[in-house]
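Q: The structure's right below; bear with me while I get my questions together.
The values are calculated or read from the model by the stated rules, or taken from the named source; none is laboratory data. Since the model is a prediction, treat every value here as computed from it, not as a measurement. Cβ coordinates were reconstructed from backbone atoms using ideal geometry, including for glycine residues, and neighbour counts include every protein chain displayed. Keep in mind that these areas ignore ligands, DNA and RNA; they rest on the heavy atoms of the full protein, side chains included. Shrake-Rupley method; radii C 1.70, N 1.55, O 1.52, S 1.80 Å.
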Amino acid sequence: MTPADIAAAATELEGAPAETALRWAAQRFPGRVGFATAFGPEGCVLLEAIAREKLAIDVFTLDTGLLFPETLELWRELERRYGVRVRGVKPALTVAEQELSHGPALWQRAPDLCCDLRKVQPLRIEMLQFDAWITAIRRDQTPERAGAGVVERDPKFGLVKVNPLAAWSSADVWARVREREIPTNPLHQRGYPSIGCAPCTTAVGAGEDPRAGRWRTFAKTECGLHGRFTSKPPKES
Ligand code: SF4
């Protein structure tokens, strides 16, 4: 797609139901579109819509080997309930092999490198088979995501990126979850609004940013999947 095509599609799909954007992606990129989910509520909403619409979209998750047990159980529950397969994409190194190569608990010392090894590099390899990918990002999640279009160019992977929930609020997502009784991670009810790998995710307190529990001791807000790395020296405690 040319930049003009992408801009036109973004304009056309802005404000459209998420299902419309998903259908557009499946029809525009037959057999060449993937959806990477980490099983946040947004991802569960999109997965339910993909299954309900029976769309030919290849759904996968980055199985870092460091996910919460609750996330692994949700993965299986979604597959059971919606009759879909969510492929687990693993890093080249197991956690034990990474420890041998880079030392123990790399995430405590160099989370950008750890995310690069366990998320970005596997995703980059996975992306070679696609022309487009779908994400569950919303504009109000982080400043880095505020400018996301429903359709945009992804310079990191050289693909078209489709963000069907770009304009949704968290309240919109949870309303859909309740309306369709979509399974979500039970950790959300225990103070974890945003859930990644277990070593890098803590609960948040009242009034904290929903993503404050991600890489809490670092000035890092993204894995590097949706933009540039954002790690800086550790946050002042
Ligand atoms: S979230 Fe943490 S454990 Fe997971 S890949 Fe990134 S740094 Fe490593």
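Q: Mind giving me the nanometre distance, one decimal, between the label points for residue 1 and residue 90, set 7 Å out from Cα along Cα→Cβ?
A: 3.4
Q: Same structure, new question: With every protein chain present, what is the per residue accessible area of the chain (1.4 Å probe, Å²)?
A: Solvent-accessible surface per residue comes out at 47 Å².
Q: Of the peptides 100-110, 36-46, how do they stack up when ordered by the mean number of other Cβ atoms within 10 Å, highest first?
A: 36-46, 100-110
Q: Hey, what angle do you get for helix 69-82 against the long axis of the chain, alpha-carbon based, 0 to 90 degrees rounded to 10?
A: That helix lies at roughly 20 degrees to the long axis.
Q: Over the chain, what percent of the accessible surface lies on carbon and sulfur atoms, probe 1.4 Å?
A: After summing per-atom areas, the C and S share lands at 55 percent.
Q: Determine, for the chain, the count of lysine pairs separated by eight or more sequence positions (or lying on different chains) whose alpha-carbon distance falls under 26 Å.
A: Qualifying lysine pairs in the chain: 16.
Q: Follow-up question, since we're still on this one. Could you tell me the extents of the chain's C-alpha atoms along the three principal axes, largest first, rounded to whole Å?
A: Taking max minus min along each principal axis of the Cα atoms, the chain gives 46, 36, 33 Å.
Q: On a full-extension model of 0.36 nm per residue, what is the gain between residue 178 and residue 73, subtracting their alpha-carbon distance, rounded to one decimal in nm?
A: Working: separation 105, 0.36 × 105 = 37.80 nm, distance 1.95 nm.
Gain on extension, residue 178 to residue 73, equals 35.8 nm.
Q: Any idea what the dipole of the range 76-158 comes to, in debye rounded to 20, about its Cα centre with Lys/Arg Cβ at +1 and Asp/Glu Cβ at -1?
A: Magnitude of the dipole: close to 300 debye.
Q: Now, a different point. Could you work out how far helix 41-52 tilts from the main Cα principal axis of the chain, as a 0 to 90 degree angle to the nearest 10?
A: 40
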